[in-house]
Every structure is written in structure tokens, then in C-alpha cells.
Amino acid sequence: MKSLTKKQNLAPYFFVAPFIISLFIIYLYPLISTVIMSFQEIVPGETEFIGTKNYRRLADPTFFKAIQNSVIYTVLTISLLIPVPMIFAAMLDSKSSIGSRFFRSVFFVPSLVSVVVAGTIVRLIFAQADTALINTLIAQFNIEPQNWLHGTRIHAMFLLLILALWRWTGINIIYFLSGLQTIPKELYEAADIDGASTIQKFVVITMPLLKPIIVFVTTISILGGLSMFEESYILWEGISPDNNGLTIVGYIYRKGFQHGELGLGSAVGLVLLIIVVFFNVIQLFFRGFFKKGAEV
Amino acid sequence: MKITKTLLLVCMALLLSLPVFAGGEGESTSGPAEMTLWTFQALHATLFEDAAALWNEANPDRQIDLTCETLPYEDLHSKLLIALQSGVGAPDIVDIEISKFPNYLKGKVQLEPMNDKVEEVIDDMVASRLEIYSKDGNYYGLPFHVGAAVIYYNTEIMDAAGVDIDAIDTWADYVEAGKQVVARTGKPMATLEVTDQWSFWPMISQGGGDYLGPDGSTALDSKVNNEVLQLQYDMLYTDKIAVKTPGGNHHAEEYYGAMNNGDFGSIWMPMWYMGRFTDYMPDLKGKIAIRPMPRLTPGGNRSAGMGGTGTVVTNQTKHVELAKDFLAFAKLSEKGNEMIWTTLGFDPPRWSVWDNPVMNQPNKYTDYFANDDIFGLLLEVKDEINPVNITESFPLASELVKTQILYQALSERTKTPAKALADAAATMRANQ
């Protein structure tokens, strides 16, 4: 009898073991070694500790620009990628929409496309030539052909946002759809009896009840936005004019791999970790995540 | 107990699979030596494959089984950096591009010195091309080409404008000829890169300028560099003979299309750009004439050695001597250098082959260009090539030129040429 209880006590540890082991191997070990590396100058055969020099070298205007770009990008993507997919999801969820199953797939397809392929296509669509697709289109409205990729900072951010919107809308729609399905239909029926309009129902019932999903999507959007790299890398092949498309992870890549300074790259990586944690704690705080007994 | 056993089994399975991931290679005692070669350029792989076939014919007792892997440019360099850093996973032989090369010379160099091979032939070679891949007197990388900068004229446009390209001796003459071209044909004489360095770097190198001094100190804001950037600014906005390259650089799809269409009068790029003409601008066949670059000052240099790839043997190879011998055969021998021209269309670094008859036999390059004797032109300028300084700060300097200086001074005009250079030099000094 006693041994059975003992076994039962062990069972939970056994079941969480794979997770714990992979956490240690895949996350904890690299994290610790990144911390160590960030205090080192890493060169083959002659790696040495150099104190906080890597961190002091971060006082670099290029790095500040990268942080700026990443933060602006994150804020803008969140302000687009929450409302737009939420409205689309509500539309797809409504029984009166025609072909909602078809559109669900259509919205989801972009997220299946490799970002390398998508980025290359975007690069060509927004090419500098007067004959490029977008420049031909805007010419119809008497707008001068734009130098999208090598133009101003606004051009660069615009391209990144277009790509993000195209790519992530579908995924976020799925999250919101699943959230919508958990909202009891009775609430809408009651609202109908009270004579509420569609918009009133959306604002008063749908949005508040979607709060957990909004918190989740915001959290992953902050992570995704601050760690964005591929899009910018594909559009400019790592070299954007005046660093207009440089992101924090782009800066890690540049320093660590392109300049071969793995120690400095590690320091940037840790700073990124701190920034991500900071933003997420702030947003969770404001959404009442830390309130005692809060239901999120 | 069962749980412990299962756990044990899982752990053992994991441990046993580790060597598979590490790619443990066993040393073969008989049969051809297996070697892996990484490159970022599929064309380079053909050269090595051809060379391996020739090598195996000539050396029946030292056979090589060469596997060439073509990886994307950035991928190759970052994988190699990690492989050399960690001591496992590097190939036997690998191509390293010039602007990445200094990254692999840091600390204790993980590459095999090629001195014994290089010293045998260095008198027949353009030595400066070997020196850029060297450190502390050791030669590590073997070059593909001289990368002599030349100027390619669209003869159709020059003829229409009545310009005699052989009369253009200095950049001042070039600007004058450009004005004539613009006035008579309405087409720009030149395109200037604003997101890459191939318009700027050769011109400063002609005048003895560079990004870095021989000791690695910043030379971005030198007098020559200022003059050249100002000259380029004037070409764009004062004399209006040039435009910013469509797509930002001379490897952009937008540029190939427009140039092929006959929209621009000329372009200066290194010799290795010949392949881009034959492959991406087929409509200009027979219309492009190659000439030395105009001089920056009277009597100055008419060319510059630009770009490049150093092929190295890593210290992780199991066949050091064989790998070195093979690489020397492919890159240093006369035969290898002839093949560099016939298969790749590059100007081979061993100038003693430049007047071999094989260099003038018809191939796709001689067919394409309007020149009678491409290598005669190279022999003419071979002593007018300054060495370039490639040291640890080069990746940063090159990045500043590509992302800031040219963009700020020439493209968006947010800074004057002098200010853009001074600011970038300050960034460099803060980082050194």
C-alpha cells in the first residue's frame, strides 16, 4: 500500500520530466551561457573576460535606432493586429456572413507561406522601377513613383507593417474566433430582446468577453514584434539605408555573426530579454493580471 | 523501478544519438580522401569540381572525393564562424568573402597557413590579392581574381552622342563626355550605387584612399575620400550626368532591367561583373566596350582591385597536406588560373597566364564584349592597382559606407558629403 502511494507521488514528476529536461537543455543552458558570453570577448582560442565592456559598447546610436525601430514596429503592429483581426473574426463568426468558411481559409493561407518567399515578393512588388506593381497602381491616382525600399524611414516602416498585417491577420483571427465561440449565445439573445444594435453588442458583450484573448494576443504580439528579424532581413538583405529597417534582433545578427562579435551579440540579446519582460509586465499589470484573484 | 529504467533508456538513446548530430567522420585509410567544400556561389563550385576531376586524373595515388555544397552567403559565413569557434562541423575547404574575412583572422586563427604553396608562385601573382587574406606573415586565403575595376561603356549610346571613349582619360573628361551624352541622347552617363560600395570604393582606391589605414585605423574621412564623394555628388546634382542606381545597387533586378534596356551610358564595376552582363543583360551583346577607369588625377591609377573571395583550408580537415595541395592546384597553378577565366570569367590573379593563347580563345565573354583583347587591357593596368586594407574593422567600415555615408550624402542628402564621412569616421573611432 505504502509503495503504491509512493509511486503515485512520483508520477507527477515523471510526467513533467520531459518538459523540465527540455527546458533545461533548450532554454536554461543557452540562457546561462549567454550571460557568461556577454562578459567575454569571444575569439577562437583566446576567449577572455572583459568585464562590462560589451555593455558599455551598447551606447551606440545604431543600437538605439534598432530599439526605436523595434518598439515603433511593435506598437504599430499591436494597434493594427488586435482590432483588424477582431473585427474580421466577428464578421466570420456571424451567421449572416456568406462564405465564412471560405474566407477563414483565405485569411489563414498567408501564415503558411514562408516569410522568405513573401518578403521576396513584397520586395519586387514595391520595387523602385516605375513599372513595379505598386508604383503602377499609385500612378493611377497621380502619385509620384516612390522609392519604397530605399526611401525614408516611413517607407521602411510601412513595408514592414504591410508584411506583418498580411502575414499575421489570419493567425490572430483564429485566436479571436476560438474566443468568440466560448461566449454564450444567450447573452446576444438577451441583448436582442433589449433591442441592442450589432455595434452595441460588439462593444458591450464581445469585446469585454474577449479580454483573455486580447491579453494573450497582445503578449505574443509584443514578443513577436520585438523579436522581428526575418521580414526586415529579407527586404533589405541585412543592409537597410540609414538602418531604417534595422531591428534589435537584426542588430544581434549584425554584431554577432556579420561582425563576428559573439560577446557583444550576447549582451544585446540580454538587453532584448529585459525589454521584452519589461513591456509584457507593464501590459499585464494594466490589464489587471496581477490583481489578487483576478480572472483573466 | 520501471520508471528509472525507462528514463535511463531515454537518456542513453539521447547520448547515443549525439555523435550522429556531431557528424563524426571516420578517417578512411584506403580509397579516395573524402573532402567537403563550402561555397556561397554555385559558379565557384563548378570550378572546384572541374579542378577535382583534373586532379584525380593527374594524381592516381592521391585521389579526392570532393563534395561541393553551395550555401546562401550569410548562412555560410555564420555557420563557419560557429564551426570554427566551437571546433566541430567545419568543412575541409571553404570560400570566405573578402568583407567577412577579417572575422576569421581574430584570435588564434583556425585556418591552415598556405605559405609553402604561395611562396613558390608569388612572383607571378598579383601579390596584393594574397596579402588581403593574410595575418602576421601567414597567407591563409587564395584569391579567385584581381577584381580589376574597369568601366563598361554602352557603345550604342556613346556613338549616338558622338563620344570617343578612348579620348576619356580623367574623371573630368568623363564628366564632360557625360554632359554631351545627356544633352544629345537624354540618357544619364552613369548610375551611382547608394546602397553598396562598388561605385565609391574603386574610385577612392584609385586615388590612394581606403576605408582603413594599413594599421587598421579609420581612414574614412581622408582627403581623397572627401574629394571622391563630392565628385559623385556633383555628378548627380551639379553636372547631372548620373542618377542613383535603380534598386540602389548594381545587383538589383531593377538595375539589370533598365541597363539591359539601354537606359544608361556606362557603369564602372570590377572585371567580375562581366558575368552579370552575359547572364542578366543579354540584349547588350556586342554593344559593351570595356576600358580602364578614368584617372582621378593626371597620371594617376586607372584601376583598383575590388572585392574577392579567399578560399581556405580549415584546421578541422583530416587531410591537411592533400587539401592544401589540391587548393593550390585549383587556385595557384597556371591551369587553375586559366580555368578561372574560362569557367568563371574572372581576371585570374596569376598574371603570368594573362597572355596565354587560351585567354583569347572565344568563349561567352569574348563573344559578348566588343573588346578584341580583354587581357591586353588588364596587362596594361596591372601596375596601377593599389592594395586595399582589410583589417578587423573592415566589416563595420563597409557597413557604414553601405548604410549611411552614401545614403545620407548621395541619396537623401540629409548630410553634406564631408559631414557624412566625418560622422561615420567618428562612429568608427568610437568602436575601435
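The values are calculated or read from the model by the stated rules, or taken from the named source; none is laboratory data. Since the structure is predicted, the reported quantities are computational estimates derived from the model, not experimental observations. Here Cβ is always computed from backbone atoms with ideal geometry, including for glycine, and neighbour counts include all displayed protein chains. Just so you know, the surface numbers come from the protein's heavy atoms only, side chains and all, with ligands and any DNA or RNA stripped out. Shrake-Rupley method; radii C 1.70, N 1.55, O 1.52, S 1.80 Å.
Put a dot 7 Å past each Cα toward the Cβ at residue A:286 and residue B:285; how far apart are the dots in nm?
Once both label points are built, they end up 6.3 nm from each other.
Suppose accessible area is computed on protein heavy atoms with a 1.4 Å probe; arrange A:79, A:70, B:352 from highest to lowest.
A:79, B:352, A:70
Compare the Cα positions of B:375, A:250, A:197 along the charge dipole of the protein assembly as shown (+1 at Cβ of Lys, Arg; -1 at Cβ of Asp, Glu; about the Cα centre) and return the one farthest towards the positive end.
A:197
When all protein chains stay in place, what accessible area (Å², nearest 10, 1.4 Å probe) is found for residue A:199?
Roll a 1.4 Å probe over it and residue A:199 shows about 130 Å².
When only C-alpha pairs under 8 Å and at least 6 residues apart count, what is the relative contact order of the stretch A:62-286, in percent?
Rounded, it is 29 percent for the stretch A:62-286.
Taking the Cα centre of the stretch B:79-156 as origin, work out the dipole magnitude from +1 charges on Lys and Arg Cβ and -1 charges on Asp and Glu Cβ, in debye rounded to 20.
In debye, rounded to 20, the stretch B:79-156 gives about 520.
Using helices alone, I'd like the mean residue ellipticity at 222 nm for chain A: each DSSP H run of four-plus residues gives -39500 (n - 2.57), total over residue count, nearest 500.
Per the formula, -20500 deg cm²/dmol.
Can you work out ³J(HN,Hα) from phi for every residue in the stretch B:151-158, in order, using Karplus 6.51 cos²θ - 1.76 cosθ + 1.60 and θ = phi - 60°, giving whole Hz and x for Gly and Pro?
Going residue by residue, I get 10, 10, 9, 7, 5, 4, 5, 4 Hz, with x marking Gly and Pro.
So how much accessible surface do A and B hide from each other in total, probe 1.4 Å, in square angstrom to the nearest 100?
Adding both sides of the contact gives about 2900 Å².
List the residues whose amide H sits under 5 Å from the amide H of residue B:285, counting only those 5 or more places along or on another chain, with H placed 1.01 Å from N in the peptide plane.
Amide H neighbours of residue B:285, under 5 Å, 5+ apart: none.
Between residue B:54 and residue B:356, what is the label-to-label distance in nm when each label sits 7 Å out along the Cα-to-Cβ direction?
So the two model labels end up 0.6 nm from each other.
How would B:263, B:159 line up by accessible area, probe 1.4 Å, largest first?
The residues order as B:159, B:263, largest area first.
Size of the dipole of chain B about the Cα centre, Lys and Arg at +1 and Asp and Glu at -1 on the beta carbon, nothing else charged, in debye to 20?
1440
Along the charge dipole of the stretch B:133-188, pointing to its positive end and built from +1/-1 on Cβ of Lys, Arg, Asp and Glu, which listed residue (B:171, B:137, B:182) has its Cα farthest out?
B:137
For the protein assembly as shown, with every protein chain kept in place, what is the accessible area per residue (1.4 Å probe, Å²)?
Solvent-accessible surface per residue comes out at 46 Å².
With +1 on each Lys and Arg Cβ and -1 on each Asp and Glu Cβ, and nothing else charged, work out how big the dipole of the protein assembly as shown is about its Cα centre, in Debye to the nearest 20.
Dipole magnitude for the protein assembly as shown comes out near 4200 debye.
Note every residue of the stretch A:124-149 with a reduction of at least 50 square angstrom in accessible area, all protein chains present versus the isolated chain, computed with a 1.4 Å probe, or write none.
Those residues are A:128.
With an 8 Å cut-off on Cα pairs and a minimum separation of 6 or more residues, tell me the relative contact order of chain B in percent.
24
Hydropathy first: keep DSSP H helices in chain A averaging at least 1.0 on Kyte-Doolittle, then drop any whose Cα extent along the axis falls short of 27 Å, and list what survives.
A:61-81, A:153-181, A:262-286
What is the distance in Å between the Cα centres of the stretch B:131-147 and the stretch B:45-76?
Centre-to-centre distance over Cα atoms comes out at 20 Å.
Compare B:339, B:114 by solvent-accessible area with a 1.4 Å probe and give them largest first, with all protein chains kept in place.
Sorted by accessible area, descending: B:339, B:114.
Classify the stretch A:62-286: rounded, prolate or oblate, from the alpha-carbon gyration tensor (a ≥ b ≥ c, eigenvalue square roots; a/c under 1.5 rounded; otherwise prolate if a/b is larger than b/c)?
Working: a/c = 2.57, a/b = 1.48, b/c = 1.74.
Taking the square roots of the gyration eigenvalues as a ≥ b ≥ c, the stretch A:62-286 is oblate.
Counting only protein heavy atoms and using a 1.4 Å probe, what share of the accessible area of the stretch A:62-286 belongs to carbon plus sulfur, as a whole percent?
73
What residues have an amide H closer than 5 Å to that of residue B:244, excluding those fewer than 5 places away on the same chain, when H is modeled at 1.01 Å from N in the peptide plane?
So residue B:244 has HN proximity to B:192.
Provide the per-residue ³J(HN,Hα) series for the stretch B:220-225, in order, calculated from phi with Karplus coefficients 6.51, -1.76, 1.60 and θ = phi - 60°, each as a whole number of Hz, with x at glycine and proline positions.
The phi angles translate into 4, 9, 5, 4, 4, 4 Hz.
Taking the full set of protein chains and a 1.4 angstrom probe, give the accessible area of residue B:334 in square angstrom, rounded to the nearest 10.
For residue B:334, the solvent-accessible surface is approximately 70 Å².
Taking only DSSP H segments of four or more residues, each worth -39500 (n - 2.57), what value at 222 nm results for chain B once the sum is divided by all its residues, to the nearest 500 deg cm²/dmol?
Estimated from H runs of four or more residues: -11500 deg cm²/dmol.
Pop a pseudo-label 7 angstrom from the Cα along the beta-carbon direction at both residue B:75 and residue A:17 and give the gap in nm to one decimal.
My value for the distance between the label points is 3.7 nm.
Within the stretch B:221-349, what whole-number % of the accessible surface is contributed by carbon and sulfur, with the 1.4 Å probe and all protein chains included in the calculation? Let's see the in-between values first.
On the way: 1890 of 3830 Å².
Carbon with sulfur: 49 percent of the solvent-accessible area.
Select from the stretch A:201-247 all residues whose loss of accessible area on going from the chain by itself to the full protein assembly reaches 10 Å² or more (probe 1.4 Å).
Residues passing the criterion (a loss of at least 10 Å², heavy atoms only) are A:233, A:239, A:241, A:242, A:243.
With unit charges on the beta carbons (Lys and Arg positive, Asp and Glu negative) and the dipole taken about the Cα centre of the stretch B:254-303, which residue among B:293, B:274, B:255 sits farthest to the positive side?
Value computed over the given set: B:293.
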